[in-house]
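Visitor: To start, I am sharing the structure in question, which I have written as C-alpha cells.
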Amino acid sequence: MSWLRTVGARLSLALLVVVVGVLAFVYLIVVPSLENRLIDSRKAQAASVAARVVEQLRAKVQTESLQNLATGFGSASNTRVAILNVDTRNPLSLSDFADSARLAAGIEEDPVALAAASTLTPARGTATRGGQKFAEAADPATTTEIVLVSSSLRDTLGDVSLVRERLLISALIALAAALALGYGGARIFARRVRRLERAAERIASGKFDEPIEDESRDELGELARAFDRMRQRLAGLEHARREFIANASHELRTPLFSLGGHLELLVDEELDESTRNEFLGRMREQVERLTKLAGELLDLSRLDAGRLRVDREPVDLVRVAELLIEEFDALARGSEHGLEPEVDGSATGLGDEQRVLQVGRALVENALRHTPTGTRVLVRIGRADGRAFLAVEDDGPGILGEDAVHVFERFYRGDGGQAASGSGLGLAIARELAEAMQGDIVLASEPGRTVFTLSLPAASSSSSPLE
C-alpha cells in the first residue's frame, strides 16, 4: 500500500492543511489589519498635533515665532511639524515657511498637504520621502497657510516586520509539530484499525474463540465492542449449527438403525406371522417418526431461510380446538388421558389456519406424551386484552427449573423418561411459527399445573382473508 494512502498519512496531511490554513489567515489577514491599525493610530496622532498647531496660528502668533511654534510642537510630539504657504496660482504650489526639521528633505510637493490646500479641509495619508514612509495629517489654518505633521513609521513598520518574522518561525515550528503529532496520533489510530481488521479476518475464517478487546470510549472502541458482540453471536450460531447437525444425525440414525435391524431379522430369520406383523408395525412407527422428523427439519430450514409462507386471515380457534380434540381423541384414550375442550365464547385470531393447527398439535401431543397416565388435558379457547388465545393445560407434574428455561430450544429434551423422548423440535417450531404469525407462546408451570398459551392478534368482525 502506498504511504499516501494510509490513514496516518491522510490524517497528518489533513491536520497540516488545517494548520497552514490558519497560519495563512493570520499572516494574510490579521497582520495587515494590525499594520493598518497602527498606521491609522499614527495618522490620528498627527492630526491631533496639527489641530493644536492650527489653534495657535489662529490665535495670531507673530511671524518670528512660527519657527519656534513648529519646533516646539515637533519636539513635544516627536513629529515633524511644518507650516507651509499656499500659492493659489495655477498650478497650486507650496513653500516651506516654518519647519521643525529644517535640514530634512523638502515637503513642498507633499500629496497630503496638497490635498488639504486644494480642498481647504483636513487630510490624512502616508507619504514616502528619502526611502522612508511617514503617517501624515494636514490641516488648513487659513486659505494661505497649511499645517503639515509627519510621523515616521519606521518603528511601527519595524514592529510589524518583527511580528511577521516571528509568525513565520512559529508557523514552521507549528507545522513540524502538527506533522509529528498528527502522524504519531494517526499511527496509533491506524494500529487500532489494523487490530480490528485482523479480528474481522479471524471471524471471516470461522475463528470465534479470541475476544476483541478495546477499552477506549471513542468510536473505534464502540466499533470494537460491536465486533465482539457479532463474534459472540456468530460463535453461538456456529455452536447451534454444529449441535443441530449432530442432533439431526442422531435423530435420523436411531430410526434408521431400528429399520435396518428389523429388515435384517425379516430377511434372515424364519418368523411366525404374529412376530412378522409386530416387526412390520414397529417399522411403520419408525417410518412415521422419520417422516415427522423430516417435516420438522424442513420447516426449520424454511423458517431460518425466511421462506416459510404464512397466511394472515381470520382463524376460528373454536373450530381449531374441535379438530384437535377429534384428531387426538384416540391417542388420549390409548394413554388413558382425559382430553376435553373448554370454550369461553367465540375467539377468532389472525393467522394461518394450517400453521395454527400445527402449533396446536405440538402443544396437545406434548401434553399427552410427556405426562403420566390419568392426567387431564384441557384445550381452552378465549379472548383477553384484545387477543385471541388457544391454551393447552394439564394437571401433570409440571415443567420446572432448567427445563422451563430451555423448553423452547431446538433439540432440547428434559432429563429422564417420557420427557427425553421425541425429537425436541416440536415446541421450538411451534414458537417460531407463532412469532411468524405475529403471535407468541407462553409457558406457565407449577407443580400440578402446566399451561402453554398460543396468543394471536384478534380478528375484527370486518376482517377478511388477505393474500
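Visitor: Does Glu238 satisfy the condition of being under 27 Å from Tyr412 (Cα atoms), charged (D, E, K, R), assigned to a helix (DSSP H, G or I) and free of Cβ contacts under 8 Å to residues at least 12 places away in the same chain?
Guide: Numbers: under 27 Å from Tyr412 (Cα atoms): yes; charged (D, E, K, R): yes; assigned to a helix (DSSP H, G or I): yes; free of Cβ contacts under 8 Å to residues at least 12 places away in the same chain: no.
Spelling it out, it is not the case that Glu238 is under 27 Å from Tyr412 (Cα atoms), charged (D, E, K, R), assigned to a helix (DSSP H, G or I) and free of Cβ contacts under 8 Å to residues at least 12 places away in the same chain.
Visitor: Only one of (1) under 40 Å from the mean Cα position of the chain (by Cα); (2) at pLDDT 90 or above is not met by Ile381, so which one is it?
Guide: Only one criterion is unmet by Ile381, namely (1).
Visitor: Further, regarding this structure: Residues Ser258, Ser274, Ser249: which one is over 30 Å from Leu378 (Cα atoms), within 52 Å of the chain's Cα centre (by Cα) and part of a helix (DSSP H, G or I)? Can you show your working first?
Guide: Details: Ser258 fails: within 52 Å of the chain's Cα centre (by Cα); Ser274 fails: within 52 Å of the chain's Cα centre (by Cα).
From the options Ser258, Ser274, Ser249, the qualifying one is Ser249.
Visitor: Counting only residues that are open to solvent by 60 Å² or more (accessible area, probe 1.4 Å), modelled with pLDDT of 90 or more and closer than 30 Å to Ser460 by Cα, how many does the stretch 384-410 have?
Guide: Count: 1.
Visitor: Within the set of pairs 6+ apart or on separate chains, which have a first residue in the stretch 339-353 that is in contact (Cβ under 8 Å) with a residue 40 or more places away in the chain, a second that is basic (Lys, Arg), and C-beta atoms under 6 Å apart?
Guide: Ala347/Arg383; Leu350/Arg312
Visitor: From Ala177, Ala186, which residue is open to solvent by less than 60 Å² (accessible area, probe 1.4 Å), farther than 30 Å from Ala240 by Cα and without any contact (Cβ under 8 Å) to a residue 24 or more places away in the chain?
Guide: Working: Ala186 fails: without any contact (Cβ under 8 Å) to a residue 24 or more places away in the chain.
Matching residue, one of Ala177, Ala186: Ala177.
Visitor: When Ile169 is evaluated against the numbered criteria (1) assigned to a helix (DSSP H, G or I); (2) of a type in the set (Val, Ile, Thr); (3) surrounded by 11 or more Cβ atoms within 10 Å (Cβ to Cβ), which criterion, by number, is the only one it fails?
Guide: (3)
The values are calculated or read from the model by the stated rules, or taken from the named source; none is laboratory data. As the structure is a prediction and not an experimental result, all values here were calculated from the model. Backbone-built Cβ (ideal geometry, glycine too); neighbour counts: all protein chains shown. Ligands, DNA and RNA are excluded from the accessible area calculation, which covers all protein heavy atoms including side chains. Shrake-Rupley method; radii C 1.70, N 1.55, O 1.52, S 1.80 Å.
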